[in-house]
1. Where both residues lie in the chain, what percent of DSSP beta bridges are antiparallel, nearest 5?
2. With all pairs of different alpha carbon atoms counted, what Kirkwood hydrodynamic radius in Å does the stretch 141-182 show?
3. Under 23 Å Cα-Cα from Lys196, which lysines qualify once same-chain neighbours fewer than 8 residues away are excluded?
4. Over the stretch 75-170, give the accessible area per residue in Å² for a 1.4 Å probe, as an integer.
5. Trypsin sites (Lys or Arg not before Pro) within the stretch 25-68: which are DSSP loop residues with at most 16 other Cβ atoms inside 10 Å?
6. So which trypsin sites (Lys or Arg not before Pro) in the stretch 167-242 end up in coil per DSSP with only 11 or fewer other C-beta atoms within 10 Å?
7. Just want to confirm a number: the relative contact order over the chain, from Cα pairs under 8 angstrom separated by 6+ residues, in percent.
8. Using just the helices of the chain, give the 222 nm mean residue ellipticity in deg cm²/dmol: DSSP H runs with n ≥ 4 each add -39,500 (n - 2.57), and the total is spread over all residues, rounded to 500.
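The values are calculated or read from the model by the stated rules, or taken from the named source; none is laboratory data. Bear in mind the structure is a predicted one, so any value in this text is a computation, not a measurement. Because the Cβ atoms are built from the backbone with ideal geometry, glycine has one as well, and the counts that use them run over all protein chains shown. We work out accessible area using only protein heavy atoms, side chains counted, and drop any ligands, DNA or RNA first. Shrake-Rupley method; radii C 1.70, N 1.55, O 1.52, S 1.80 Å.
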Amino acid sequence: MMRQPKIIQALSLSGVAHGFCTRIGGVSTGIYDALNLGRGSGDDPDLIAQNRNLVRSFLTADTLLTPYQTHSADCLFVTQDNMAEIEQGQIKGDALVTNQPGLAIGILTADCAPILFTDQENGIVGAAHAGWRGALGGVIDATVATMCEAGAQRHSIKAVVGPTISQPAYEVGDEFYASFLAQDKSAAQFFTRHPKTQSWHFDLPHFCLARLNHCGVAGEWMGLCTYKDRDQFFSYRRNTHQGIIDYGRQGSFIRC
């Protein structure tokens with residue numbers, strides 16, 4: 001039975017059609033219950049298409065576009081000429097930027113950080129998939145740079161980090177910690193040791209906010225944790241800990 005989706009919006013992005021999808025609503029069942037938008041999952045493609053259409057209708061968008069994500073720092077500027085290639089996965093990337101009216105662009109996540117961008121004054125929007133690899137590699141920087149190349153102004157860009165895994169739930173190893181400090185010793189501020197296990201815990205959302213700040217862009221995190229809130233969000237790590245081999249994906253979208 002189809003249910004209307006629950007889609008969360010940020011006050012700071014009011015005035016532009018956007019939304020951070022939860023798992024609530026839609027038609028998928030089982031471990032994909034219910035608003036699974038991930039074509040890369042093992043869910044029924046027909047059900048995924050119905051879920052995506054629900055989101056497209058919510059955004060009153062002509063088209064809903066997500067890229068083939070590879071945890072890269074690649075940002076794609078979407079035009080009428082390359083839209084079909086991006087839709088078909090012929091061009092891969094982990095962020096999209098566009099100025100095409102009626103087009104809703106977005107990314108899919110299940111613990112990684114979704115970031116939506118807008119420069120309303122200049123009519124340019126962006127969406128980035130920032131897992132730790134992409135965030136460290138520069139996907140946020142690339143998204144801001146692509147927006148500016150298209151005519152956006154850094155001081156006019158607003159960005160919101162949506163539902164992502166929070167630091168208490170994000171346990172990582174020594175090699176992970178070392179890889180960040182090898183690139184930037186100041187990254188140590190985003191790691192803490194668990195008092196009992198002495199394992200490292202990484203603060204992905206605040207690392208993303210720091211990268212936004214470095215780019216000269218105002219940003220905020222909505223404070224929503226995908227791992228902790230099983231009723232609202234899919235989580236790759238939570239399913240892995242439970243021995244579940246697949247997982248759904250929520251989407252985050254913004255319309256130009």
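1. Numbers: 32 of 45 bridges.
Of the beta bridges lying entirely in the chain, close to 70 percent run antiparallel.
2. Details: mean 1/r = 0.0745 Å⁻¹.
Here the Kirkwood hydrodynamic radius works out to 13.4 Å.
3. Cα-Cα hits under 23 Å: Lys228.
4. Value returned for the stretch 75-170: 32 Å² of accessible area per residue.
5. Passing sites in the stretch 25-68 are Arg39.
6. On the way: sites: Lys185, Arg193, Lys196, Arg211, Lys228, Arg230, Arg237, Arg238; in loops: Lys196, Lys228, Arg230.
Here the trypsin sites (Lys or Arg not before Pro) that fit, given the DSSP loop and packing criteria, are Lys196.
7. 24 percent
8. Values: 7 runs with 63 residues, N = 256.
It lands at -7000 deg cm²/dmol.
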